[in-house]
Amino acid sequence: MADSPIEGRGFTLEQLFNGHRFKLDFYQREYMWSREDVKSLVGDLYRRFATSWDVTHSRKRTSGYPPYFLGSFVYFQDENEGLTYLVDGQQRVTTLHLLLLHLRQLLAEQDTDHSDDLTELENLIRRVRHGERTYTIDIDERVPLLDSIYRGWPYELPASPTPSVRNLYERARDLRTDFPAELDDESILHFLDWLRDRVCLVGIRALNRDHGWEIFESMNDRGARLDPVDLLKSFLLSRAETDGDQLNKSWREMLAHLTSFHSRTPSDFIKSLLTAKYADLTQERRNDAADVNVIGRAAHEWVRANTRTMRLYAADDFRRFVEDEVTVLAERYATLMGASAAPHSGLEAVYYNAVNGIGSQYTAILATARRGETLSVFREKAGLVAAAIDVMYVRKFVNGGARQGTDLDPEIIHDLVPKLRACEDVDRLRALLGLEIGRLDDELRGITATKFGLRPGNTPQVRYLLARITAFVERECGRADRIADYLHPQHPHEIEHIWANKFERHQAETGNKTNFQAMRDRLGALLLLSKSDNASYQDDPYDRKVVYYRGQNILAASLHPESYEKDVGFRRFRKRRGLEKLFRHYPGGVGFTKQAIEERQVLYQRLCELVWDPSALGFPVPRGVDPERRVSHRTRAYYDVTVAQLIDSGTLSAGDELFGTNKRVRYSATVLAGGRIRVESGEVFTAPSTAAAFVLNRQSANGWTFWNVNTVDGKTDLKTLRAELLSSGRLELPSA
């Protein structure tokens, strides 16, 4: 039998990037993956890695972890030039290359010497040819941007960037906030080993350029591959038996409508629907991640295996499921997509959650939908669920409990969905959501208690908080609601530091640069200004800045004395909301001091309490919730050991001093009850690594090796204490 003229072979990421220099041919489309696409890929990789890894494993052990198949790509080679042309799969390959660049950044920022690992990683990112270094994906227009990422240099988009360069720039920026926080410290090396050696793709080699063009046309035009949504349609319509043409027409109209929204896809809708309505989300099944994972990977296969769970028995059941549930809920989903792009009356929180990347809100909202209810009832339910999720998210991140730049903790949504399914009407839904908010152990007083402000990776969250309270003050004073401007995705408004980055101006009251930077980054020391204004006077002294602030939004203008004399709407707002003592002006001659920042922090907390007041949002929160019924959701950890567990075991005690040294500078912190860590400047963190990243002013740091404590054996780092606790058998880790 003759060999096939088309070859296919498997590649690990090491083989993929170490053995090729990629180019794109003329017929390839732009790099167009969305933020959701990149988050989904990186999230899938992390979750698969986390099912195998725990803190006791050596790096060598990752070579025995189960492999992960990422799909196929098509290519042809130019042997003379030593080039590999990507025909199909460049979106995924480009994103993987971007991920490798991000991992290199994280490794380079850590204190530990990772020179050997960096060298191996750099061989995948770049290669030498004829004495010149080129990137593995060698496209001239991308080189300046890739150089900036590789070297950590600032980069500004050119005046008219190509779609690929713009999108690559935005995805690189998103990775800084969307990358799983669990992989920002010691686990990063294990993850890198696994990614390089156990993540695989299958490459299909075309014979030449013309053959590649033929395959490209075949795969993307005449013979497009069926995705899970197509396969699900085929299964459902075949079982419905009758009305096939009408059902097919309805399905196609549904797809056409959903594909008009670029933020989410029909596949996202199907996943949300099945998870919202049918997935088994009991704790045992969630630990196995069975239903959620299968739905996410192959929804059609899950439906085939769960027809009884979905009560699909006879042909009429399948027909009604398509007509009365899928297509109807697709219309409801389209309503949510419209509301996620811009604020809609009654659905503003859907937009806010979309800005924050909380894609799980759609699953929670669809869980409340019931057959036969009107659109107005659905919208009312959607507004309530979205508002409750917004409250939960804000409470979490101001207390350090939400992962920076990522979706709301899945445990919260998975706990909530079965309860939402059971709510028969709007009143029951209000009562449920009020109870759930009342049970949370996080409150907005964390803004002052934890000295909340800018920290590594939370710029989008701080910007969101400032945008909401700024728009609230403007609206309450009778001005137009500008929240859509403040939250515009192209960042026309930026965070303004009231203190310029000039340590010498505030040395007397802060003492050292670390304390100065911490105080400068406090929420109370920040404003939201248009990008042009922020750039024009960000380094000016306060005496000059406060004059500029007078002409800006009311929250900024409130720093100037004249705002308290001439603005009637502002005066009425302060009196109506009981804010007369909290709003204060700070004239140029007096200056904006450390005390002023503390006072402003209290003001901002109160404004947040007004914006996210559950009762004002329509939730009857019961008073005096039993503390034992309060919950602090935590994602299942496969390898995590917390400071709280070190305290519970007697390894550490509340009040113990932690200390670490970097570049001959000594940093200290205090262990608090419950396992939080307070650094010298007063900020409070929930994990050693975020505390270390903050004091070192880095995107990430390994706090387990950075922080030390004095024991009877002398100076000991937290990693050693953790290892001793694990080996003692006094702490049992969750099994994978």
message: If R₀ is 60 angstrom, what is the calculated FRET efficiency for the pair residue 716 and residue 147, using the beta carbon separation as r and rounding to 0.05?
response: 0.90
message: Please report the antiparallel percentage of the DSSP beta bridges confined to the range 7-222, to the nearest 5.
response: 60 percent
- prompt: How large is Rg/Rh for the range 7-94, to two decimals, with Cα atoms and a Kirkwood Rh?
  reply: 1.03
field: Exposure proxy ranking, count of Cβ atoms within 10 Å, fewest first, for 119, 95, 711
entry: 119, 711, 95
task: May I ask you to list the residues of the range 653-685 whose amide nitrogen lies under 14 Å from a point 7 Å from Cα along the Cα→beta-carbon direction of residue 724?
output: 653
query: Over the range 433-584, what is the relative contact order in whole percent, taking alpha-carbon pairs under 8 Å and six or more residues apart?
result: 22 percent
field: Distance between modelled label sites at residue 245 and residue 481, nm, 7 Å Cα→Cβ extension
entry: 4.7 nm
message: Quick check on the chain: helices-only [θ] at 222 nm, where DSSP H runs of length 4 and up contribute -39,500 (n - 2.57) each and the sum goes over total residues. Nearest 500, please.
response: -14500 deg cm²/dmol
message: I need the P(r) histogram for the range 503-570: all alpha carbon pairs, bin width 10 Å from 0 out to the longest distance, whole percents.
response: 18, 44, 31, 7, 0
query: Counting pairs of Cα atoms in the range 228-442, how many percent are more than 29 Å apart?
result: 24 percent
query: Hey, got the dipole for the chain? About the Cα centre, +1 on K and R Cβ, -1 on D and E Cβ, debye to the nearest 20?
result: 1860 debye
Percent of Cα pairs exceeding the 19 Å cut-off, where the set is the range 678-735: 41 percent
query: Which ordering of 730, 468 is given by a fewest-first count of other beta-carbon atoms within 10 Å?
result: 730, 468
query: What number in nm² do you get for the range 447-611 if you take the convex hull of its Cα atoms and divide its surface by four?
result: 9.3 nm²
message: Starting from 0.36 nm per residue, how many nanometres of slack lie between residue 134 and residue 673 once their C-alpha separation is accounted for?
response: 188.9 nm
task: Enter the Cα centre distance for the pair the range 105-147 and the range 554-576, rounded to the nearest angstrom.
output: 53 Å
- prompt: For residue 445 and residue 119, what does the FRET efficiency come to when R0 = 51 Å and r is the distance between their Cβ atoms, rounded to the nearest 0.05?
  reply: 0.60
- line: Least to most buried among 519, 310, by other C-beta atoms within 10 Å and fewest first, runs 310, 519
Kirkwood-Stokes translational diffusion coefficient of the range 358-503, alpha-carbon pairs, 25 °C, 0.890 mPa s, µm²/s: 143 µm²/s
query: When the Kirkwood hydrodynamic radius is evaluated over all pairs of different C-alpha atoms of the range 7-222, what value in angstrom, to one decimal, is obtained?
result: 18.1 Å
Amide H contacts of residue 658 (H built 1.01 Å from N, under 5 Å, at least 5 apart or other chain): 669, 670, 671
- prompt: For the range 31-120, which GluC sites (Glu not before Pro) are both in a DSSP coil and crowded by at most 10 other Cβ atoms within 10 Å?
  reply: 79
- prompt: How high is the FRET efficiency between residue 659 and residue 370 when r is their beta carbon distance and R₀ equals 56 Å, given to the nearest 0.05?
  reply: 0.45
Value of Rg to Rh for the range 643-728 (Rh from inverse mean 1/r over Cα pairs, i.e. Kirkwood): 0.94
- request: Write down the percent of antiparallel bridges among all DSSP beta bridges whose residues are both part of the chain, to the nearest 5.
  value: 75 percent
query: Mind checking the log10 I(q)/I(0) for the chain at q = 0.05, 0.06, 0.09, 0.11 Å⁻¹? Debye, one equal scatterer per Cα, no solvent, two decimals.
result: -0.28, -0.40, -0.94, -1.40
- prompt: Tell me which lysines have Cα within less than 27 Å of residue 513's Cα, excluding those fewer than 8 residues away on the same chain?
  reply: 451, 502, 531, 545, 594, 663, 715
- request: Find the percent of Cα-Cα distances in the range 439-513 that exceed 19 Å, and round it to a whole number.
  value: 55 percent
- prompt: In terms of modelled amide H atoms, which long-range or inter-chain residues lie less than 5 Å from the amide H of residue 440?
  reply: 631
- prompt: If you plug each phi of the range 604-609 into the Karplus form 6.51 cos²θ - 1.76 cosθ + 1.60 with θ = phi - 60°, what whole-Hz ³J(HN,Hα) values come out, in order, with x for Gly and Pro?
  reply: 4, 4, 5, 4, 5, 5
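None of the figures in this text is laboratory data; all of them are computed from the coordinates on show. Computed from a prediction, not measured in an experiment: that's the story for all the values here. Note that each Cβ is placed from the backbone with ideal geometry, even for glycine, and that neighbours are counted across all protein chains shown.
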